[in-house]
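Q: Just passing along the structure, written as structure tokens.
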Amino acid sequence: MSQDTPCLNCGACCATFRVSFYWGETDSAPDGHVPAALTEQISPHLSCMQGTNQSNPRCIGLMGDIGQGVRCTVYEHRSSTCREFAWHGENGQPNDDCQRSRARHGLPPLPFTSPEPNCIPVIAA
């Protein structure tokens with residue numbers, strides 16, 4: 001994770017949503033990578049990270065205090081749900097779920113500036 005991401009001083013999404021994903025992403029499946037020991041089965045085809053399937057969720061992989069220094073202990077092996085969750089403003093896109101999770105934990109909203117209309121983002125290869 002880049003050191004300039006606001007995620008390292010947030011962690012609100014990890015303590016707001018159920019982190020569910022296809023069970024085949026766990027390392028109990030041939031090509032899986034999410035540590036199965038840190039998940040629970042929620043249906044025949046879905047798993048979730050332990051701690052997130054409750055009314056006050058907090059992912060077992062989250063280390064630190066919300067709104068302060070946090071990190072994901074399984075970052076390199078996180079699920080597609082986490083890989084696809086962008087912080088508000090990442091890649092020039094808003095994310096209302098990010099903003100709602102921050103508000104739920106008493107954190108201020110992240111600023112957002114939309115890209116210039118004639119700018120074409122450069123994506124490194």
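Q: At 1.306 mPa s and 10 °C, plugging the Kirkwood radius over alpha-carbon pairs of the stretch 49-110 into Stokes-Einstein gives what diffusion coefficient in µm²/s?
A: Details: Rh = 12.8 Å.
Rounded to a whole number, D works out at 124 µm²/s.
Q: Could I ask something else about it? So what is the relative contact order for the chain, in percent, with contacts set as C-alpha pairs under 8 Å and at least six apart? Don't skip to the answer; put the middle values down first.
A: Numbers: 186 pairs, mean separation 31.7, N = 125.
So the answer I get is 25 percent.
Q: Match the structure shown to one of the listed values (i) -0.28, -0.74, -1.06; (ii) -0.25, -0.68, -1.00; (iii) -0.53, -0.82, -0.98 of log10 I(q)/I(0) by the Debye sum over Cα atoms at q = 0.09, 0.15, 0.19 Å⁻¹, computed from it, and give that label.
A: Among (i) -0.28, -0.74, -1.06; (ii) -0.25, -0.68, -1.00; (iii) -0.53, -0.82, -0.98, the one derived from this structure is (i).
Coordinate-derived values only; no laboratory data. Treat the numbers as computed from the prediction; the structure is a model and nothing was measured.
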